[in-house]
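Reviewing the structure listed below.
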Amino acid sequence: GEAINIITHDTMEVTPVKILYRAKGFMETSVNDKFKLNLYRIIQEHLNNILKHARATKVIIELSQNKKVIMLSHSDNGVGFDTRKKQKGSGIANIKSRAAFYKGTADFVSQSGLGCFLTVNSPLREIPRSQTG
(Lines give C-alpha, C1' and ligand atoms only; values in the text may rest on other atoms or scores of the structure.)
Protein backbone atom coordinates (compact mmCIF):
# COMPACT_ATOMS: atom_id res chain seq x y z
CA GLY A 1 0.00 0.00 0.00
CA GLU A 2 2.66 2.51 1.01
CA ALA A 3 4.80 1.84 -2.08
CA ILE A 4 1.74 2.38 -4.30
CA ASN A 5 0.98 5.68 -2.54
CA ILE A 6 4.57 6.78 -3.16
CA ILE A 7 4.58 5.92 -6.87
CA THR A 8 1.23 7.63 -7.44
CA HIS A 9 2.37 10.75 -5.55
CA ASP A 10 5.72 10.87 -7.37
CA THR A 11 4.01 10.43 -10.75
CA MET A 12 1.59 13.29 -10.04
CA GLU A 13 4.54 15.52 -9.05
CA VAL A 14 6.09 15.28 -12.52
CA THR A 15 3.09 14.80 -14.84
CA PRO A 16 -0.32 16.48 -15.27
CA VAL A 17 -2.09 13.18 -14.53
CA LYS A 18 -4.39 12.89 -11.52
CA ILE A 19 -4.20 9.43 -9.90
CA LEU A 20 -6.71 8.12 -7.40
CA TYR A 21 -5.67 5.02 -5.44
CA ARG A 22 -8.11 3.03 -3.32
CA ALA A 23 -7.52 -0.17 -1.39
CA LYS A 24 -10.78 -1.95 -0.53
CA GLY A 25 -10.42 -4.92 1.78
CA PHE A 26 -6.84 -5.64 0.68
CA MET A 27 -4.85 -7.13 3.57
CA GLU A 28 -1.12 -6.74 3.06
CA THR A 29 -0.45 -9.35 5.73
CA SER A 30 -2.27 -12.00 3.70
CA VAL A 31 0.42 -12.05 0.98
CA ASN A 32 4.18 -12.23 0.91
CA ASP A 33 6.57 -9.45 -0.12
CA LYS A 34 7.38 -11.08 -3.46
CA PHE A 35 3.73 -10.93 -4.49
CA LYS A 36 3.44 -7.32 -3.29
CA LEU A 37 6.49 -6.43 -5.38
CA ASN A 38 4.90 -8.18 -8.38
CA LEU A 39 1.71 -6.11 -7.94
CA TYR A 40 3.77 -2.95 -7.61
CA ARG A 41 5.64 -3.75 -10.84
CA ILE A 42 2.34 -4.30 -12.68
CA ILE A 43 1.09 -0.91 -11.49
CA GLN A 44 4.40 0.71 -12.43
CA GLU A 45 4.41 -0.87 -15.89
CA HIS A 46 0.83 0.12 -16.61
CA LEU A 47 1.36 3.68 -15.38
CA ASN A 48 4.36 3.93 -17.71
CA ASN A 49 2.19 2.69 -20.61
CA ILE A 50 -0.48 5.26 -19.76
CA LEU A 51 2.02 8.12 -19.50
CA LYS A 52 3.78 7.14 -22.72
CA HIS A 53 0.80 6.41 -24.94
CA ALA A 54 -2.60 7.27 -23.48
CA ARG A 55 -2.51 11.05 -22.99
CA ALA A 56 -4.80 10.47 -20.00
CA THR A 57 -5.58 13.11 -17.40
CA LYS A 58 -7.10 10.77 -14.82
CA VAL A 59 -6.18 7.28 -13.60
CA ILE A 60 -8.02 5.24 -10.98
CA ILE A 61 -6.23 2.32 -9.31
CA GLU A 62 -8.17 -0.02 -7.03
CA LEU A 63 -6.89 -2.96 -5.08
CA SER A 64 -9.46 -5.25 -3.51
CA GLN A 65 -9.63 -8.71 -2.04
CA ASN A 66 -12.20 -11.32 -1.15
CA LYS A 67 -11.88 -14.93 0.05
CA LYS A 68 -10.80 -16.17 -3.39
CA VAL A 69 -8.95 -13.44 -5.30
CA ILE A 70 -6.94 -10.28 -5.11
CA MET A 71 -8.13 -7.92 -7.82
CA LEU A 72 -6.23 -4.96 -9.17
CA SER A 73 -8.13 -2.64 -11.48
CA HIS A 74 -6.68 0.28 -13.38
CA SER A 75 -8.78 2.64 -15.47
CA ASP A 76 -7.86 5.76 -17.38
CA ASN A 77 -9.54 8.35 -19.58
CA GLY A 78 -6.85 8.30 -22.27
CA VAL A 79 -6.99 7.71 -26.00
CA GLY A 80 -7.35 3.93 -25.65
CA PHE A 81 -6.17 1.35 -28.15
CA ASP A 82 -7.44 -1.52 -30.26
CA THR A 83 -6.89 -4.63 -28.13
CA ARG A 84 -7.13 -6.86 -31.22
CA LYS A 85 -3.99 -5.37 -32.76
CA LYS A 86 -0.52 -6.40 -31.67
CA GLN A 87 0.91 -3.66 -29.48
CA LYS A 88 4.40 -2.26 -29.89
CA GLY A 89 6.70 -2.72 -26.92
CA SER A 90 6.56 -5.26 -24.14
CA GLY A 91 4.38 -3.49 -21.55
CA ILE A 92 1.19 -5.52 -22.00
CA ALA A 93 3.09 -8.80 -22.39
CA ASN A 94 5.04 -8.06 -19.18
CA ILE A 95 1.83 -7.39 -17.26
CA LYS A 96 0.21 -10.60 -18.55
CA SER A 97 3.28 -12.70 -17.66
CA ARG A 98 3.51 -11.17 -14.17
CA ALA A 99 -0.15 -12.05 -13.59
CA ALA A 100 0.35 -15.57 -15.00
CA PHE A 101 3.25 -16.17 -12.59
CA TYR A 102 0.64 -16.49 -9.81
CA LYS A 103 -1.83 -18.28 -12.09
CA GLY A 104 -3.73 -15.03 -12.46
CA THR A 105 -5.18 -13.20 -15.43
CA ALA A 106 -4.68 -9.72 -16.86
CA ASP A 107 -7.52 -8.48 -19.05
CA PHE A 108 -7.38 -5.27 -21.04
CA VAL A 109 -10.61 -3.68 -22.20
CA SER A 110 -10.09 -0.69 -24.44
CA GLN A 111 -11.31 1.00 -27.58
CA SER A 112 -9.80 3.84 -29.49
CA GLY A 113 -10.92 7.08 -27.85
CA LEU A 114 -12.43 5.41 -24.78
CA GLY A 115 -9.52 4.93 -22.40
CA CYS A 116 -8.41 1.59 -21.02
CA PHE A 117 -9.56 -0.69 -18.22
CA LEU A 118 -7.13 -3.29 -16.90
CA THR A 119 -8.20 -6.00 -14.46
CA VAL A 120 -5.67 -8.34 -12.86
CA ASN A 121 -7.11 -11.23 -10.84
CA SER A 122 -4.81 -13.37 -8.70
CA PRO A 123 -6.22 -16.46 -6.96
CA LEU A 124 -5.36 -16.27 -3.26
CA ARG A 125 -4.60 -19.99 -3.04
CA GLU A 126 -1.64 -19.44 -5.43
CA ILE A 127 -0.08 -16.62 -3.41
CA PRO A 128 2.32 -17.49 -0.57
CA ARG A 129 1.25 -15.96 2.72
CA SER A 130 3.33 -13.38 4.53
CA GLN A 131 5.87 -14.93 6.91
CA THR A 132 5.40 -12.09 9.39
CA GLY A 133 1.59 -11.88 9.25
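The values are calculated or read from the model by the stated rules, or taken from the named source; none is laboratory data. Everything quoted here is computed from the prediction, not taken from an experiment. Glycine gets a Cβ as well: all are built from the backbone with ideal geometry, and neighbour counts include every protein chain shown. These area figures cover heavy atoms from the full protein model, side chains too; ligands, DNA and RNA do not enter into them. Shrake-Rupley method; radii C 1.70, N 1.55, O 1.52, S 1.80 Å.
When 75, 110 are screened for being in contact with a Cys (Cβ under 6 Å, 6 or more places away or on another chain), of a type outside the set (Val, Ile, Thr) and either within 24 Å of residue 24 (Cβ to Cβ) or open to solvent by 60 Å² or more (accessible area, probe 1.4 Å) (or both), only 110 passes.
For segment 113-133, a residue qualifies if it is touching a helix residue (DSSP H, G or I) at 6+ places or on another chain (Cβ under 7 Å), open to solvent by 20 Å² or more (accessible area, probe 1.4 Å) and either modelled with pLDDT of 95 or more or among the charged types (D, E, K, R) (or both), and exactly one does: 129.
Pick from segment 82-112 the residues that are at pLDDT 90 or above and part of a loop (DSSP other than H, G, I, E, B): which of them is nearest to the chain's Cα centre (by Cα)? Outline the logic, then answer.
Here is the first cut: in segment 82-112, the residues at pLDDT 90 or above are 92-110.
Next, only the ones that are part of a loop (DSSP other than H, G, I, E, B) stay: 102-104.
Working: 102: 14, 103: 16, 104: 13 Å.
Filtering segment 82-112 for residues that are at pLDDT 90 or above and part of a loop (DSSP other than H, G, I, E, B), the one nearest to the chain's Cα centre (by Cα) comes out as 104.
If you go through segment 88-107 and keep only what is surrounded by 13 or more Cβ atoms within 10 Å (Cβ to Cβ) and among the charged types (D, E, K, R), you end up with 96, 98, 107.
One residue stands out among those in segment 30-59 that are part of a helix (DSSP H, G or I) and either in contact with a Lys or Arg (Cβ under 8 Å, 6 or more places away or on another chain) or among the basic types (Lys, Arg) (or both): the one that is most open to solvent (accessible area, probe 1.4 Å), which is 52. All of 34, 85 fail the test of being of a type outside the set (Phe, Trp, Tyr) and touching a residue at least 12 places away in the same chain (Cβ under 8 Å), apart from 34.
Taking each residue of segment 48-72 that is closer than 19 Å to residue 30 by Cβ and looking for partners that are open to solvent by 80 Å² or more (accessible area, probe 1.4 Å) and assigned to a loop (DSSP other than H, G, I, E, B) with beta-carbon atoms closer than 7 Å, six or more apart or interchain, yields 65/27.
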